[in-house]
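Peer 1: Please find one structure pasted underneath; my questions will follow.
The values are calculated or read from the model by the stated rules, or taken from the named source; none is laboratory data. A quick note: this is a predicted structure, and the numbers were derived from the prediction, not measured. All Cβ positions, glycine included, derive from the backbone under ideal geometry; neighbour counts span all protein chains shown.
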Amino acid sequence: MKQFTSVHDVPDPEALVKEALALKQAPRGSLRQSGNDATIALLFFNPSLRTRLSTQKAAIELGLSVMDYNAGQGWQLEFEDGAVMNMDKAEHIREAAAVISQYADIIGIRTFPGLKDREQDYSDYILRQFQRYARVPVVSLESAIRHPLQSLADWVTIEEYRPAHRPKVVLSWAPHPRALPQAVANSFLEWMKLADVELVLTHPPGYELAEEFTRGVSVTHDQNETFEGADFIYAKNWSSYQDYGRILSQDAAWMITPEKMALTNNGKFMHCLPVRRNVVVADAVLDGPNSLVIEQANNRTYAAMAVLKSILES
Ligand code: AN0
Ligand code: CP
């Protein structure tokens, strides 16, 4: 694998899921030679707990050296080609990406969308400019429109808890007080479409996701109906794609409650975290026996290991 910015970079996504599951079984410390003295630089333009630590953990387990940089607090970068840099931007992406490529063999980048300019966000502008000017493989640590490391870990988790029948997997919008990206939801759909599951999307009117991600996915506005017979409920908030970046509803009726989970087929609850308790999901669901959120976060390490190992091997 040459890079990891979406599922489209992965030659065989299902094989990568299996590889992550196998890596989870590997004795600790047994893969420390895989890194071959390579170095990974992790650049964060935005906050992170899981991605930051699980990717570091994965790198450590593979024997990679890690450099971690709060890019949001570094020199302000200019991404526009041909810019006259007489304002606040101190350094151009052309130099920054070329320089970091001399220090690191792989570059990971977290960059959230601005949620103002849809066209720019959906061109994945910052990630793509990094890729354009970097001379080493780039790994998305969540970009403006996708979070592939999360989706890979989600698929791994669904495989671990897969029932004997073909599972029904529901991605449900849930309320949140802040305007959040569509990245986790977009990516989840993109990956789950390739898995052997029945995939259903439910959200209030106005929260339709971009067609490139929802094509072929069944969508309804009736949350309760979709929960019937579901094996996995994946909750996530996102702001509007149509009315770009806006919060159209904070309807508490969409919160995931024990009453709603009771409609499912003893369904498991999933969320990428961080989660707002009693806004997105009720305590009783999150703390209940069917909540997979902690194991999901654990699987981030094995997902990252599978991705880094595959890049190192090519
Ligand atoms: C981010 C998001 O929704 O994309 C990160 C999730 C992994 N969530 C928040 O900012 C709360
Ligand atoms: N799920 C996830 O990516 O969490 P962080 O934002 O903490 O990295």
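Peer 1: Regarding segment 72-89, can at least one residue be identified that is outside any loop (DSSP other than H, G, I, E, B), without any contact (Cβ under 8 Å) to a residue 40 or more places away in the chain, within 16 Å of ligand 2 (Cβ to nearest atom) and not assigned by TED's automatic domain parsing to the domain that holds VAL275?
Peer 2: Taking every residue of segment 72-89 in turn, at least one turns out to be outside any loop (DSSP other than H, G, I, E, B), without any contact (Cβ under 8 Å) to a residue 40 or more places away in the chain, within 16 Å of ligand 2 (Cβ to nearest atom) and not assigned by TED's automatic domain parsing to the domain that holds VAL275.
Peer 1: Which of the residues belonging to segment 94-133 are assigned to a helix (DSSP H, G or I), surrounded by fewer than 17 Cβ atoms within 10 Å (Cβ to Cβ) and free of Cβ contacts under 8 Å to residues at least 40 places away in the same chain?
Peer 2: Once the filter is applied, which keeps residues that are assigned to a helix (DSSP H, G or I), surrounded by fewer than 17 Cβ atoms within 10 Å (Cβ to Cβ) and free of Cβ contacts under 8 Å to residues at least 40 places away in the same chain, segment 94-133 yields ARG94, GLU95, ALA98, VAL99, GLN102, GLU119, GLN120, ARG128, ARG132.
Peer 1: Can you say whether ILE247 is of a type in the set (Val, Ile, Thr) and under 30 Å from SER123 (Cα atoms), as far as the supplied structure shows?
Peer 2: yes
Peer 1: When only residues in segment 38-58 that are among the β-branched types (Val, Ile, Thr) and under 16 Å from the mean Cα position of the chain (by Cα) count, which is nearest to ligand 2 (Cβ to nearest atom)?
Peer 2: Per the criteria, the residue is THR51.
Peer 1: Report, by residue number, each residue of segment 260-304 that is away from ligand 2 (no atom under 16 Å from the Cβ) and assigned to a helix (DSSP H, G or I).
Peer 2: Passing the criteria: LYS260, MET261, ASP283, ALA284, VAL285.
Peer 1: Could you grab me the full set of residues in segment 151-185 that are more than 18 Å from ASP231 (Cα to Cα) and not assigned by TED's automatic domain parsing to the domain that holds HIS221?
Peer 2: Selection gives LEU152 alone.
Peer 1: Just checking, how many residues over segment 152-174 are surrounded by fewer than 19 Cβ atoms within 10 Å (Cβ to Cβ) and within 19 Å of the chain's Cα centre (by Cα)?
Peer 2: Residues that pass the stated criteria total 2.
Peer 1: Keeping to segment 157-212, report how many residues are assigned to a helix (DSSP H, G or I) and away from ligand 1 (no atom under 16 Å from the Cβ).
Peer 2: Residues flagged as assigned to a helix (DSSP H, G or I) and away from ligand 1 (no atom under 16 Å from the Cβ) within segment 157-212 amount to 6.
Peer 1: Now for a different question. Which is polar (S, T, N, Q), more than 16 Å from ligand 2 (Cβ to nearest atom) and either in contact with a Cys (Cβ under 8 Å, 6 or more places away or on another chain) or under 27 Å from ALA15 (Cα atoms) (or both), of GLN182, GLN120, GLN131, GLN102?
Peer 2: Only one candidate passes the filter, namely GLN131.
Peer 1: Does segment 146-156 contain any residue that is at pLDDT 95 or above and more than 22 Å from GLN56 (Cα to Cα)?
Peer 2: no
Peer 1: Out of all the residues in segment 242-263, which are without any contact (Cβ under 8 Å) to a residue 60 or more places away in the chain and either buried (at least 16 other Cβ atoms within 10 Å of the Cβ) or polar (S, T, N, Q) (or both)?
Peer 2: GLN242, THR257, LYS260, MET261, LEU263
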